[in-house]
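Beneath this line is the structure, given in structure tokens, with notes to follow.
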Ligand code: SF4
């Protein structure tokens, strides 16, 4: 997908459990994992799916749509006073936000240009170069690893280990710990749900 369009299945405001303060959470479609405990199984497919409308019986609606980046930024900035008052910001989640890494990277950068604190919920299942680039957008300082916390730091370590054992000619992607990736985009591992 283009870097200025993201496939999103929800934008949730006033979230209190996805980072510090009051946050807006942007849920991106697509995830290469198949966790048995997944709370958003419909988010795994990158494709837009038709799902039953729980309110209007027999009616099917799209589970997601493509958002221009300007629209996402505008929606996120609507709550800027809440971020400033509470020390909050915007969290990207999914699905696995690194599957749409071009959009994710661009969105994080634009939000930071507006002074918005950003975070990403990810398992870190992505090529090391992608992981590093997105990490730089989330926390572009010299203490990124310390800022990650122990779980995400280990995920980064595993990315680097996979890169070290990558077969020649695999494009530097490294061996993937898990199966499928959606065609046409990154192939990242994951985060959250
Ligand atoms: S990584 Fe998250 S979104 Fe992906 S399958 Fe697991 S719980 Fe679900």
Name the single residue that is nearest to the ligand (Cβ to nearest atom) among those in segment 21-37 being more than 24 Å from residue 86 (Cα to Cα) and more than 15 Å from the chain's Cα centre (by Cα).
35
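Is it true that residue 28 is touching a helix residue (DSSP H, G or I) at 6+ places or on another chain (Cβ under 6 Å) and either modelled with pLDDT under 90 or within 18 Å of residue 12 (Cβ to Cβ) (or both)?
Working: touching a helix residue (DSSP H, G or I) at 6+ places or on another chain (Cβ under 6 Å): yes; either modelled with pLDDT under 90 or within 18 Å of residue 12 (Cβ to Cβ) (or both): yes.
Yes; evaluated as a whole, the condition is true for this residue.
Counting only residues that are surrounded by fewer than 23 Cβ atoms within 10 Å (Cβ to Cβ), give me the strands (runs of 3 or more DSSP E) lying completely in segment 26-136 with at least 1 of them.
Strands (runs of 3 or more DSSP E) meeting the threshold: 50-52, 60-62, 65-68, 117-120.
Residue by residue through segment 41-57, note down the ones that are in contact with a strand residue (DSSP E or B) (Cβ under 7 Å, 6 or more places away or on another chain) and near the ligand (Cβ under 6 Å from one of its atoms).
Once the filter is applied, which keeps residues that are in contact with a strand residue (DSSP E or B) (Cβ under 7 Å, 6 or more places away or on another chain) and near the ligand (Cβ under 6 Å from one of its atoms), segment 41-57 yields only 43.
The values are calculated or read from the model by the stated rules, or taken from the named source; none is laboratory data. All values derive from a computational prediction rather than experimental measurement. Backbone-built Cβ (ideal geometry, glycine too); neighbour counts: all protein chains shown.
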